[in-house]
1. Tell me the chymotrypsin sites (Phe, Trp or Tyr not before Pro) within region 30-89 that lie in a loop according to DSSP and have at most 14 other beta-carbon atoms within 10 Å.
2. With Cβ to Cβ distances under 15 Å as the rule, what net charge do the other residues near His55 carry (K, R +1; D, E -1)?
3. What net charge is computed for the residues neighbouring His132, neighbours being all others with C-beta under 14 Å from the C-beta of His132, Lys and Arg scored +1, Asp and Glu -1?
Amino acid sequence: MSNNWRISSFNGALLAAYFIPAWGIIAFSIMVSPIHGLYERPSVSIAFYASDYLHLGKMATVRLAWLLALARITVVAFFAVFLAMAAFSPLRKNSSGADEALAVALCLGSVLSFASMMMASKVGEVEAMRMHASELLMLLGTAIVMLFETAPKRAQASANAATTTETPAGQLSLQQP
């Protein structure tokens, strides 16, 4: 294994290994049968919320199901782009395009998981709420790691800049502005 993998890239690859098949299967089942797919466990909180609080009709519920499938497929697509860019070594070494694709997937997935978790808590679906909360925690954990992890080029450039602008210890003052 290459030694230039960062923790956020490895964590993103593990997330992609979970979210691509899981959310892809959910989205495919919604595309095949919108109403039946919407009332399965991963999306049941959204379906109950739409029927109990929004009072949607049949066609509006089908449109909501397709919109949910589109959102899940979009997250899956960004995770797939991240995996493709992270697996290709020159792209991983020279650019941060993979990090951008991962950031978009994390952002969209977090919003969708958070909204689903809130809807599940509103309609009383405890198991669905646990599932969405665990997905949200996985996504937010990777986002936090990405936020605090510095890129190797930036860390090396800041270290080089610090060594070139060092001042002798005798010239430092305690009262510098």
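1. Phe88
2. With Lys, Arg at +1 and Asp, Glu at -1, the net is +2.
3. Values: positive: Arg41, Arg72, Lys122, Arg130; negative: Glu40, Glu125, Glu127, Glu135.
Summing Lys and Arg as +1 and Asp and Glu as -1 gives 0.
We did not get these values from a lab; they are worked out from the coordinates using the rules stated. In this text, all values refer to a predicted model and were calculated from it rather than measured experimentally. Don't worry about glycine lacking a Cβ; one is built from the backbone with ideal geometry, like all the others, and counts go over all protein chains shown.
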